[in-house]
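Data block below; observations after.
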Amino acid sequence: ERQLQNTAATVSSEKMTVLVSSYKQHRCLQDVIEKFQTCSKVIAEIRVNWFEDGAPPAKMFGDYVVGYSNATQAPAVPVVFDDLPNQLSHRFYPRPFSTQAIFSMDVDMVFSCGALELALNTWKKQTDPAQAAVGFYPRYLPPNEYYHCK
């Protein structure tokens with residue numbers, strides 16, 4: 001049976017959780033995780049929708065993942081893999097998060113820390129942020145080093 005890890009001791013509105021959906025795109029996922037380690041000012045944690053059978057490869061992700069033993073130091077932004085059934089509808093599967101703001105994205109898109117900070121600040125300015133959505137139309141962005149997995 002698949003289990004979800006509850007990392008939400010308290011819920012914060014100061015930073016966001018980045019929720020990444022991935023299926024058999026390990027290299028792109030590794031690139032996204034590494035890129036977002038530089039965004040600790042705005043990202044509290046990275047959650048990965050893991051739709052594959054078996055655990056994520058420790059060799060690729062072990063330095064960042066909460067609970068993996070091969071991390072030499074705590075990551076700037078911790079990563080949690082949520083083991084989910086392989087169904088597209090489960091990308092929005094309800095679970096506890098450590099932040100109120102959730103930035104949902106596909107694994108093949110990468111956003112700058114500045115873009116994430118702009119999204120978070122825009123979300124915070126809403127009358128009722130808990131009921132607001134802020135986002136981008138990423139598939140319309142020109143392909144370059146900042147927005148697409150190589």
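Here are the numbers for the structure shown:
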| read-out | value |
| --- | --- |
| Peptides ranked, highest mean first, by Cβ atoms within 10 Å: ranges 108-115, 127-134, 51-58 | 108-115, 51-58, 127-134 |
| Ranked by how many other beta carbons lie within 10 Å on average, peptides 37-46, 89-98 from highest | 37-46, 89-98 |
| More than 23 angstrom apart: percent of Cα pairs within the range 12-125 | 24 percent |
| Length-normalised contact order of the range 12-125 in % [C-alpha pairs under 8 Å, at least 6 apart] | 39 percent |
| Full-stretch length increase - residue 12, residue 133 - with 0.36 nm per residue and alpha-carbon distance subtracted | 41.9 nm |
| Distance (nanometres) between label positions extended 7 Å along Cα→Cβ at residue 122 and residue 100 | 1.9 nm |
| Under-26-angstrom lysine pairs by C-alpha in the range 12-125, whenever the two are 8 or more apart or on separate chains | 10 |
| FRET E, pair residue 23, residue 76, Förster distance 22 Å, beta-carbon r, rounded to 0.05 | 0.30 |
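Only the coordinates and a few stated rules stand behind these numbers; no lab work does. All values reported here derive from a predicted model rather than from experimental measurement. Don't worry about glycine lacking a Cβ; one is built from the backbone with ideal geometry, like all the others, and counts go over all protein chains shown.
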